[in-house]
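This report refers to the structure that appears directly beneath it.
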Amino acid sequence: MKIAIIGFSNSGKTTIFNALTGLGLPTSSYPSTSGEARQGVVNVPDERIDKLSLIFKPAKTTFAAVDYVDYIGFTKGDTKQNAKVHAHIKDADALLQVVRAFEDPAVPHPLGETDPMRDLRSLEAELVIGDLVLVEKRLESIEESIKKGRKEKVSEAEKAVLVKCREALEAEKPLREIQFSPEELKAVRHLEFLSIKPQVVVFNVAEEMLSDKKTDELLAAARELLKGNAAALSMSGKIEMELAQLSPEEQQAFLSDLGIEEPALRRLIKVSYGLLKLISFFTAGEDEVKAWTIKEGTTASKAAGKIHSDIEKGFIRAETVSYDDFIKCGGSMAEARKLGLFRLEGRDYPVKDGDIINFRFNV
């Protein structure tokens, strides 16, 4: 899963990126209009993997992972600059929009005073405008092909979807608000629109605002504004970055002092998984315990293909037990079989979150 971190300059994007990845990239109070995209891979915390590793004592433990990308911020009204941002993040599975909700005289806001809802509406508008530019260019290209008699290069299905997209975008609606069929999505997938991607909005607040009524009101307003596949939460990027530098024991003590149950970054990953409709299944043995990320509803044969294409091609059956049932059996496969909790599933079985699977195949 690849998530692109977006926002206006000085919103705390890089601070959030550092908190997520544990990296220590320098932050600046001066807006930047150039630079390289930075990437960091983060393991997805999963207590089930920890437990399975204790039981199987494997040579290797592999968690699911999220790839975060940080690039320069959007600039209000600068279509050319924002197109550059689009080009670097267009292949992301989802967007993480960081919205500034903290005051700091040492870090000037590019739009003047701090106004989180204004910034949220403004960046939503920039995503819509960017996609509208793409739609218009593509429709112009299609019309040019028709005029030149190259109708074989024109997809009527794509053209129809583009017209549908244009109507929505001209009405200032992000494309994630619009219902598309799988066929329609396939027709315009190559354009990699930004406003169609699932989005998590993170309000970057000061420490004293973490449990403040104003923050609750801000989240309520954002959730009312956001439509489609989107969510909103708050966190203090500064605190989360400090947490990322501590050991697990120190983290727990720090959170307890603040009266927080878990790092906001864990909640962020959970929310992201939910928006993308992702689940995890496990393979477990003495060699390795590993989490595999798939879409909800993925069949057993397709899940096998995540491991290796040969396993999908030669699929025979999926020997399956749910994580919860396995733990109830004391972490014993033999006991799970004895109690009838170990199942033999066919290729069309929809894999469930937490399934522990051993694939049988023949190549």
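The values are calculated or read from the model by the stated rules, or taken from the named source; none is laboratory data. All figures in this text were calculated on a predicted structure; none of them were measured in a lab. Reconstructed Cβ throughout: ideal geometry from the backbone, glycine too, with neighbour counts over all protein chains shown.
Observations, loosely collected:
- Residues in segment 223-267 that are over 18 Å from A206 (Cα atoms) and of a type in the set (A, V, I, L, M, F, W, C): L225, L226, A230, A231, L246, A253.
- Scanning segment 300-309 turns up at least one residue that is outside any helix (DSSP H, G or I), more than 30 Å from V202 (Cβ to Cβ) and not assigned by TED's automatic domain parsing to the domain that holds K60.
- Taking each residue of segment 184-201 that is within 16 Å of L139 (Cα to Cα) and looking for partners that are part of a loop (DSSP other than H, G, I, E, B) with beta-carbon atoms closer than 8 Å, six or more apart or interchain, yields A187/S155; E192/K90; E192/D91.
- Matching residues in segment 320-334 - criterion: being over 30 Å from the mean Cα position of the chain (by Cα) and crowded, with 16+ Cβ neighbours inside 10 Å: C329, M333
- Flag: R223 does not match the condition of being over 30 Å from E345 (Cα atoms), of a type in the set (D, E, K, R) and either in contact with a helix residue (DSSP H, G or I) (Cβ under 6 Å, 6 or more places away or on another chain) or modelled with pLDDT under 90 (or both).
- Evaluation of K137 against the conditions (1) surrounded by 14 or more Cβ atoms within 10 Å (Cβ to Cβ); (2) modelled with pLDDT of 90 or more shows that the sole unmet condition is (1).
- Scanning segment 248-266 for residues that are of a type outside the set (A, V, I, L, M, F, W, C) and either surrounded by 15 or more Cβ atoms within 10 Å (Cβ to Cβ) or part of a loop (DSSP other than H, G, I, E, B) (or both) returns Q251, G259, E261, E262, P263.
- Residue in segment 287-304 that is surrounded by 15 or more Cβ atoms within 10 Å (Cβ to Cβ) and touching a Cys at 6+ places or on another chain (Cβ under 6 Å) present: no
- Being in contact (Cβ under 8 Å) with a residue 24 or more places away in the chain and part of a loop (DSSP other than H, G, I, E, B) holds for only one residue in K227, K238, and it is K227.
- Helices (runs of 4 or more DSSP H) wholly inside segment 59-174 containing at least 3 residues that are touching a residue at least 24 places away in the same chain (Cβ under 8 Å), touching a strand residue (DSSP E or B) at 6+ places or on another chain (Cβ under 8 Å) and in the same structural domain as P198 (by TED's automatic domain parsing): 79-89, 116-147
- Residue selected from segment 190-212 under the condition part of a loop (DSSP other than H, G, I, E, B) and at pLDDT 90 or above, by the criterion nearest to A125 (Cα to Cα): S195
- Matching entry among K148, K186, K197, K159 (being under 26 Å from S11 (Cα atoms), of a type in the set (K, R) and either surrounded by fewer than 20 Cβ atoms within 10 Å (Cβ to Cβ) or in contact with a helix residue (DSSP H, G or I) (Cβ under 8 Å, 6 or more places away or on another chain) (or both)): K197
- Condition check for E250: of a type in the set (D, E) and within 28 Å of A101 (Cβ to Cβ): yes
- All positions within segment 333-363 that are of a type in the set (D, E, K, R), farther than 22 Å from I49 by Cβ and part of a strand (DSSP E or B): R360
- Number of the condition not met by G274 [criteria: (1) surrounded by 16 or more Cβ atoms within 10 Å (Cβ to Cβ); (2) within 25 Å of K290 (Cβ to Cβ)]: (1)
- Residues satisfying the stated conditions in segment 229-247, i.e. buried (at least 21 other Cβ atoms within 10 Å of the Cβ) and in contact with a Lys or Arg (Cβ under 7 Å, 6 or more places away or on another chain): A230, A232
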